[in-house]
Amino acid sequence: MTSLNSENIQHAADSMDQNWVSITPSGSHVAWERTFDAIGDLVTIMDNNLKIIRANKAAYHILGVEPGTLIGQHCYRVFADRPAPCKDCPGITTMKHCRVSSAEIHHLKLAKTFLITTSPMADEKGEFTHIVHVAKDITEKLPLERQLNQAQKMGAIGNLAAGIAHDFNNMLTGISGYVELVLLKVGHDERITQNAVQVRAAIKRATDLVNQILTFSRQTKHEKKSIQVAPILRDALKLLRSSIPASIELRQSLDSTAHILGDPTQIHQIVMNLATNAYHAMQEEGGVLGVTLREIMMEGHERRPELTMLPPGPYLRLEVSDTGCGMDRETMGKIFEPYFTTKEIGKGTGLGLAVIHGIVSSHQGIIKVYSELGQGTSFHVYLPIIDRALDPVPRPELEAVVRGGSEQILYVEDEEIIAELAREVLSLYGYQVTVCHNGAQGLAHFRQDPDRYDLVITDLTMPAMNGLGLASAIKAMRPQSPIILCSGHSEIINRARAAAQGVDLYVQKPVDMMELARAVRGLLDSREGKAPSWRSGLNPDKKGRGYIDSLEKTALHPWCCSPEYQGCRQAK
Ligand SMILES: Nc1ncnc2c1ncn2[C@@H]1O[C@H](COP(=O)(O)OP(=O)(O)OP(=O)(O)O)[C@@H](O)[C@H]1O
Ligand SMILES: [Mg+2]
């Protein structure tokens, strides 16, 4: 600050105070002073050495000092309690460039944050004379602003997720469909069948996770149902065991058959995130990772103080503990904050525990952490047990075997991998499939011979003409043609609008080809006035028959892994 010798500053008079008086027209002096003192924000006028030569009433009031005591003091001493100007001093910028400048300054002693705005003052010749320095107390607004930034960031992540979901869903459809084909064609080889069933289970989870990210970004509620927690934990730990080194011993004790009202994917996410953190904490030296599930009765009186917010009743307590590095108090105080991480850049997002906290709260539970530096950490998750009588246990009708047919299907889809997969699967079911790669091409085919096709399946988003345009054009030509529309999560359409364009059935992407085959048969049967033939035995060719037979023997139906599957829904 001692070298303030820019061009503008050289013009400034030696005695700034005198200059100041001279630029104030005498008649308006009192009125001006009153105005100055009426301003609620802290306003000072400074010379080119950043010394205060004038301060309004609010300045003395907000800074809590006696009237007059600010005059002659340097602003950096008053606002930042520093011996020299702040690094990004807006006053210096204003002097150097003769323009308005601003910065946020935190006053340690006052524990307040100010938004400082400095503006240049000029004499009648237009030459720089003083700095007007306005300080606005933004201490209370700051957290709100940060929250808003955070919300905007989350919104941007949501948009990004929605953007990639379309492509991701298409990829998942391809992977899952070809796995189904492997299953159909593999015959009686039990090992390959089991491996493919594992791949399919992983795809299901990937699909759930994509949907979860999308639901999260849209702030919609997850559907909860009566679930048993122990099997979900067992599943998750099996997955984890294969990915953590042998230096970490996994001890699990899952002693409960209790049910909670929950979302299985989210419960899976809780244990995976906690166990992954535990593994990271023991990465250097190894140790013991403990996962325990117990039923406990929370009584009114004998509860630990940190659990008093839970209503009395039966709870499941999931405990994930490790013998790793542990945490100090300061770290423990921040771990549930979004983006708080002690991991290197690129190794952790700091979202794991923040997400878990949200999930546990939405399950009416709480999460507690106990940790000792150098000793280890234990997370306790409490989830309320529900009355087992609530179990709906719906054995979904989807478990039955799907019958094929010999009808003609027009399949319109721009993603080649999905189109070819659909052709292959539906052909296995005996259908005659014609594939087109965009709406216009599909319409041209249909127009050539409208009576030829018994059913049309179309994607929603396609070049040339989209699925809705195609559906309405087809219905205009041949109203009785049944139409199935496939669309991804990111392109959720108004169902009423789809129905108005003539869509009979809406199928959520990624399309499970087995479910599509089921939907096709159901829709065709309903048109022919038959009862849907879910249970009428088999379909495809001889190779496929082997697979279905083996599934029936082992009770492993391709769709029974996902009782909650809701891929196909009526458009109306
Ligand atoms: N079991 C544990 N032992 C020691 N520290 C832990 C443990 N679990 C969490 N932490 C601390 O809490 C921080 C936040 O955890 P969180 O799971 O939210 O994010 P992260 O693991 O850093 O990143 P990610 O988003 O990849 O999960 C971690 O960086 C770590 O400092
Ligand atoms: Mg984590």
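The values are calculated or read from the model by the stated rules, or taken from the named source; none is laboratory data. Computed from a predicted structure; not experimentally measured. In this analysis, Cβ positions are derived from the backbone assuming ideal geometry, glycine residues included, and neighbour counts consider all displayed protein chains. Surface areas here come from the heavy atoms of the whole protein model, side chains and all, with no ligands, DNA or RNA. Shrake-Rupley method; radii C 1.70, N 1.55, O 1.52, S 1.80 Å.
Output the number of residues of the stretch 349-364 satisfying the condition of being open to solvent by 10 Å² or more (accessible area, probe 1.4 Å) and away from ligand 2 (no atom under 16 Å from the Cβ).
The qualifying residues number 3.
Among the residues of the stretch 387-407, are any more than 11 Å from ligand 1 (Cβ to nearest atom), touching a helix residue (DSSP H, G or I) at 6+ places or on another chain (Cβ under 8 Å), of a type in the set (D, E, K, R) and at pLDDT below 90?
Within the stretch 387-407, one or more residues are more than 11 Å from ligand 1 (Cβ to nearest atom), touching a helix residue (DSSP H, G or I) at 6+ places or on another chain (Cβ under 8 Å), of a type in the set (D, E, K, R) and at pLDDT below 90.
List the number of the failed condition for D88; all other conditions in (1) modelled with pLDDT under 90; (2) open to solvent by less than 40 Å² (accessible area, probe 1.4 Å); (3) under 17 Å from M46 (Cβ atoms) hold.
(2)
Under the condition of being in contact with a strand residue (DSSP E or B) (Cβ under 9 Å, 6 or more places away or on another chain) and assigned to a helix (DSSP H, G or I), which residue from the stretch 212-231 is modelled with the lowest pLDDT?
Top of the filtered list is P231.
Looking at the structure I just gave you, is R535 surrounded by fewer than 23 Cβ atoms within 10 Å (Cβ to Cβ) and at pLDDT 80 or above?
Criteria not met by R535.
Which pairs do you get when a residue that is closer than 17 Å to G374 by Cα and touching a residue at least 12 places away in the same chain (Cβ under 8 Å), found in the stretch 313-337, comes within reach of a residue that is more than 6 Å from ligand 1 (Cβ to nearest atom) and open to solvent by 50 Å² or more (accessible area, probe 1.4 Å), reach meaning Cβ atoms under 7 angstrom, with the pair 6+ apart or on two chains?
C325/G374; G326/E372; G326/L373; G326/G374; G326/Q375; M327/L373; D328/L373
Could you look through the stretch 91-122, keep only residues that are charged (D, E, K, R) and farther than 13 Å from K136 by Cβ, and pick out the one that is surrounded by the most Cβ atoms within 10 Å (Cβ to Cβ)?
Ranking the candidates gives K96 first.
Considering the stretch 240-277 alone, what residues qualify as being closer than 23 Å to A206 by Cα, within 16 Å of ligand 2 (Cβ to nearest atom) and either over 26 Å from the mean Cα position of the chain (by Cα) or in contact (Cβ under 8 Å) with a residue 40 or more places away in the chain (or both)?
I244, Q266, H268, Q269, I270, V271, N273, L274, A275, T276, N277, listed by residue number.
Select from the stretch 31-72 the residues that are under 17 Å from V134 (Cβ atoms) and part of a loop (DSSP other than H, G, I, E, B) and list them in ascending order.
Scanning the stretch 31-72 gives I39, G40, D41, D47, L50, N56, L70.
Hey, K347 hits all of (1) near ligand 1 (Cβ under 8 Å from one of its atoms); (2) in contact (Cβ under 8 Å) with a residue 12 or more places away in the chain but one; which does it fall short on?
With respect to (1) near ligand 1 (Cβ under 8 Å from one of its atoms); (2) in contact (Cβ under 8 Å) with a residue 12 or more places away in the chain, K347 is out only on (2).
Can you name every residue in the stretch 464-500 that is modelled with pLDDT under 85 and either under 21 Å from A422 (Cβ atoms) or open to solvent by less than 40 Å² (accessible area, probe 1.4 Å) (or both)?
Hits for the stretch 464-500 are A464, S487, G488, H489, S490, E491, I493, A498, A499.
Does G326 fit the bill of being at positive phi, within 16 Å of ligand 2 (Cβ to nearest atom) and at pLDDT below 85?
No; evaluated as a whole, the condition is false for this residue.
From (1) near ligand 1 (Cβ under 9 Å from one of its atoms); (2) under 23 Å from S247 (Cα atoms), pick out the condition that doesn't hold for P338.
(2)
Yes/no per residue for (1) open to solvent by 30 Å² or more (accessible area, probe 1.4 Å); (2) under 18 Å from F379 (Cα atoms); (3) not assigned by TED's automatic domain parsing to the domain that holds Q364:
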| position | (1), (2), (3) |
| --- | --- |
| K238 | yes, no, no |
| I260 | no, no, no |
| N277 | yes, yes, no |
| L316 | no, yes, no |
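Would you pick out the residues in the stretch 60-76 that are surrounded by 12 or more Cβ atoms within 10 Å (Cβ to Cβ) and either among the aliphatic types (A, V, I, L, M) or under 12 Å from N49 (Cβ atoms) (or both)?
Passing the criteria: I62, L63, V65, L70, I71, Q73, H74, C75, Y76.
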